[in-house]
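Data block below; observations after.
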Amino acid sequence: MLLSSSRLLLLLVGSAAALPLAAERMRLAWPTPNPAYARGEPVEAFIQPTVSGRVESGLFGCVRSSGRQFHEALDLFPISRDAQGEPLDEVFAIADGIVRHVSRQPGASSYGRYVVVEHVDAALPVMTLYAHLASIAPGIRSGTRVQIGETLGIMGRSAGARALPPERAHLHLEIGLRLTDSFASWYRWKGFGSKNTHGVWNGMNLVGVDPLAFYDAFRAEEVDSFLDFWQRLQPAVTVRIATTKIPDFLKRYPALRPAPMPLRGLAGWEVDFDPYGVPIEWRPLLSDAVEDYQRNEVRVVRFDREAQTTCKDLVKGSAGREVPGSDLQTNLQLLFGLRK
Ligand SMILES: [Zn+2]
């Protein structure tokens, strides 16, 4: 429970005595005992590559299978091991929060054993996900409040049916948002043929941002919070949808809707997504903005073709006739309950 400051790498503790109107700078910790990042060392000093050996493969983005495969996390290697070569590094909560999901069966997910923490006190209550653990600390259960730097478990190599080899043991760290509370309904509709044992904390319901970009921006004092970082994400595509529905996503993350809700007459939404399909900003629409739309019709109203990545099918179709690609379609299904 107590933070041992010798091991815990607090990046920067907030200067709470800033301008009265300035939001307080959050407290943020590195999730492993490796001091390399805090010392400003290059990524080779903390990133675990895949079998390819290319350090990029352990970063976030279209970094695998010649750019076709997405990796939604940072992979961080251990700095201490036992005689058998198994990691001994503790894995720490990067900020205060509440444990929302603990998956103790290594075979139940390609994440292996994993823990999800929701940072409920933040202006944008993002979740962080810690995967491939060897063990989960006693007392870490769904509903447990954790403090920054609290030990969640021990780094490992659990990864579904087949474990990773010891030399590639690592922590897989995600920072993201949860798309829907109705994940079970979407999962049934998709007919995957396997049981979802992770509830709304299934990885398919989580959309992540680049953790290293977040740490870098925080360290450089360009952002003071998760919300600051989200507000700096660059939109790649903007869609409009004709619906009177207010997605539960917005109830969870109201800070992503800076404009007030109309008192009456909500007729749709305009939503910006980043190049990986992460919702950034939401703007409510009145009927004039979607007057020639069918109910639940989605249109791409802006698209930055240069922002299209090699691993996410965000938008397809020729210029002026763009429609959501399969990955954006999935996120729209989850956000708005669309079933097409
Ligand atoms: Zn990973």
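Quick note: the coordinates plus some simple rules give every number you see, no bench work behind them. Computed from a prediction, not measured in an experiment: that's the story for all the values here. All Cβ positions, glycine included, derive from the backbone under ideal geometry; neighbour counts span all protein chains shown.
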Q: Under a cut-off of 24 Å between alpha-carbon atoms, report the lysines in cross-link reach of K316, not counting same-chain residues fewer than 8 places apart.
A: K190, K340
Q. Using alpha-carbon pairs under 8 Å, 6+ residues apart, how would you state the relative contact order of segment 233-336 in percent?
A. 32
Q.
Taking every DSSP beta bridge with both residues inside segment 43-219, roughly what % is antiparallel (nearest 5)?
A. 95
Q. Once fully extended, how much extra length lies between E167 and S65, figured as 0.36 nm per residue of separation less the alpha-carbon to alpha-carbon distance?
A. 34.7 nm
Q | D216, D224 arranged by Cβ crowding within 10 Å, fewest neighbours leading | A | D216, D224
(Q) Suppose every Lys and Arg Cβ carries +1 and every Asp and Glu Cβ carries -1, with no other charges. What dipole size does the chain come out with about its Cα centre, to the nearest 20 debye? (A) 1220
Q: Work out how much length E222 to R145 would gain on full extension: take 0.36 nm times their residue separation and subtract the Cα-Cα distance, in nm to one decimal.
A: 24.9 nm
Q: Would you calculate the separation in nanometres between label points at R321 and E86, each defined as 7 Å from the Cα along the Cα-to-beta-carbon direction?
A: 5.9
Q) How high is the relative contact order of the chain, in percent, with contacts defined as C-alpha pairs under 8 Å that are six or more residues apart? A) 14
Q: Express as a percent, rounded to the nearest 5, the fraction of DSSP beta bridges in the chain (both residues included) that run antiparallel.
A: 100
Q) Hey, rough spin-label estimate for A289 and D248, points 7 angstrom out along Cα→Cβ, what's it come to in nanometres? A) 2.4
Q) For the pair S185 and Q231, how long in nm is the line joining their label points, each one 7 Å along Cα→Cβ? A) 3.3
